[in-house]
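The structure appears right after this line, and notes come after that.
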Amino acid sequence: MSKNVLIIEGDGIGVEIIAAAEKVLKAVNEIDNLNLTFDTAMLGGRAYDQYGKPYPDDTQTKARAADAILFGALGGPQWDGKTERHLRPEAGLLDIRSDLGLFANLRPAVAFEQLVAASPLKPELVGGLDIMIVRELTGGIYFGQPRGIRTLENGEKQGFNTDVYKESEIRRIAKVAFEAAQKRNKRVCSVDKANVLEVTVLWREVMEEVAKGYPDVELSHMYVDNAAMQLVINPKQFDVLVTGNLFGDILSDEASMITGSIGMLPSASLDVNNKGFYEPCHGSAPDIAGQDIANPLATIMSAAMLLRYSIGAASSADRIQAAVGRVLDAGLRTKDIYSDGMTLIGCEAMGQAVVDALTE
Ligand code: NAI
Ligand code: MG
């Protein structure tokens, strides 16, 4: 049966990076006879301009029906502060994530040998780095009730949020982490604050329970403050790192920046059936939009994740990753990863170079 991929450009450089990634995905579809079908929809600022909301009904219908979604980025100064919060471009992203139940956010931080000089850390700490952060995306303190700002009896205001996780929510994110580890180096490090927060005492218990079902995977635990340090001191000690929404937000940004190149970081957000939403970690980069200088590789590698997790086409995903490696080996660079002696090319040319390298 053929699977359907919904392609959404979004705003800013979303248009250019998706054009490049779409070309790569369609080329792989032909080469490996994947039998994928494609559709397009809108999300974000331009979607608001056209339909009056950032997550239009047409997009919702198509997104619910699709097996996977490849997305660029959204937002831009022309929409900042001009509309109510729930109509801003960014609301489109939150809406589609919660509508599709995308509870598992996977962010690999991989250092390409060819680019380690760009890392803020010493090359020997970063060379060969390959870690996967699994962040719970629909629970925890970002969604817990009650929340708000209240006025106390003495007139002073008090802000409050609630950090909550049910066993079922912890169990399903644990399974994603252990399954990812089984396909990698078979180690899961669960990050919590079980010395202070009861919610993470339960988190730790459930991790231990789920681990029994994966005897080939080694589970360890680390407090979040230590994890933040260890990511900088010795990032290569990690394989899969699993954590809740708040800690994951911070640690995934920290881990990804270790590689030094925002244009190189893909991500996946999965539901319980491995239907997924795939996008680069960066935003819509309005400062460089429309100039054909954006780096499309994060989006191209997001397409590789799409094939791996939602289509079950691991060898096609490997084909894309290998092509990206060859293009870097050949010295081709967009502006954000350029260094002396390399060949500077644009977004479109980078997409074409990856297409050409698919069958090399
Ligand atoms: P940004 O990630 O768009 O840009 C930060 C810096 O990195 C800029 O200098 C940009 O030129 C550069 N950059 C980003 N991606 C690049 C790429 N592929 N190639 C080369 N350079 C790249 O973050 P910023 O500036 O904070 O936000 C811009 C807009 O994007 C805002 O409207 C923001 O809300 C939105 N945004 C959207 C996200 C999404 O769609 N998932 C995520 C983050 C921000
Ligand atoms: Mg963040």
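Here are the numbers for this structure:
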| item | result |
| --- | --- |
| Out of VAL196, VAL201, VAL164, sole residue that is aliphatic (A, V, I, L, M) and touching a helix residue (DSSP H, G or I) at 6+ places or on another chain (Cβ under 8 Å) | VAL164 |
| In segment 4-45, residue surrounded by the most Cβ atoms within 10 Å (Cβ to Cβ) [restricted to those that are within 15 Å of ligand 1 (Cβ to nearest atom), of a type in the set (A, V, I, L, M, F, W, C) and in a loop (DSSP other than H, G, I, E, B)] | ILE13 |
| Candidate set: segment 53-93, residues that are hydrophobic (A, V, I, L, M, F, W, C) and in contact with an Asp or Glu (Cβ under 6 Å, 6 or more places away or on another chain); chosen: the one farthest from PRO296 (Cα to Cα) | LEU74 |
| Residues (outside any helix (DSSP H, G or I), farther than 18 Å from ALA21 by Cβ and under 24 Å from the mean Cα position of the chain (by Cα)) located in segment 311-360 | GLY312, TYR338 |
| Positions within segment 67-97 being acidic (Asp, Glu) and either within 22 Å of MET305 (Cα to Cα) or away from ligand 2 (no atom under 16 Å from the Cβ) (or both), in sequence order | ASP67, ASP80, GLU84, ASP95 |
| Unmet criterion (only one of (1) free of Cβ contacts under 8 Å to residues at least 40 places away in the same chain; (2) surrounded by fewer than 19 Cβ atoms within 10 Å (Cβ to Cβ)) for PRO77 | (1) |
| Hey, ASN195 part of a helix (DSSP H, G or I), more than 16 Å from ligand 2 (Cβ to nearest atom) and at pLDDT 95 or above or not | no |
| Hey, SER284 buried (at least 18 other Cβ atoms within 10 Å of the Cβ), over 23 Å from ALA65 (Cα atoms) and among the small types (Gly, Ala, Ser) or not | yes |
| Condition met for GLY213 (more than 30 Å from ILE293 (Cβ to Cβ), within 16 Å of ligand 1 (Cβ to nearest atom) and either surrounded by 22 or more Cβ atoms within 10 Å (Cβ to Cβ) or outside the structural domain of ILE320 (by TED's automatic domain parsing) (or both)) | no |
| Condition check for ILE233: surrounded by fewer than 16 Cβ atoms within 10 Å (Cβ to Cβ), more than 16 Å from ligand 1 (Cβ to nearest atom) and not small (Gly, Ala, Ser) | yes |
| Condition met for LEU219 (surrounded by fewer than 24 Cβ atoms within 10 Å (Cβ to Cβ) and either more than 16 Å from ligand 1 (Cβ to nearest atom) or charged (D, E, K, R) (or both)) | yes |
| Odd one out for VAL327 among (1) buried (at least 19 other Cβ atoms within 10 Å of the Cβ); (2) at positive phi | (2) |
| Given (1) within 14 Å of the chain's Cα centre (by Cα); (2) crowded, with 24+ Cβ neighbours inside 10 Å; (3) within 8 Å of ligand 1 (Cβ to nearest atom), index of the condition MET301 fails | (3) |
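Let's see how each residue does on (1) surrounded by 14 or more Cβ atoms within 10 Å (Cβ to Cβ); (2) in contact (Cβ under 8 Å) with a residue 12 or more places away in the chain; (3) within 16 Å of ligand 1 (Cβ to nearest atom); (4) in the same structural domain as PRO296 (by TED's automatic domain parsing):
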site: ALA47; (1), (2), (3), (4): yes, yes, yes, yes
site: ASP57; (1), (2), (3), (4): no, no, no, yes
site: PHE71; (1), (2), (3), (4): yes, yes, yes, yes
site: HIS86; (1), (2), (3), (4): no, no, yes, yes
site: ALA91; (1), (2), (3), (4): yes, yes, yes, yes
site: LEU94; (1), (2), (3), (4): yes, no, yes, yes
site: ASN105; (1), (2), (3), (4): yes, yes, yes, yes
site: PRO123; (1), (2), (3), (4): no, no, no, no
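The values are calculated or read from the model by the stated rules, or taken from the named source; none is laboratory data. Please read these numbers as outputs of a predicted model, since none were measured by experiment. Note that we place each Cβ from the backbone using ideal geometry, even for glycine, and neighbour counts take in every protein chain shown.
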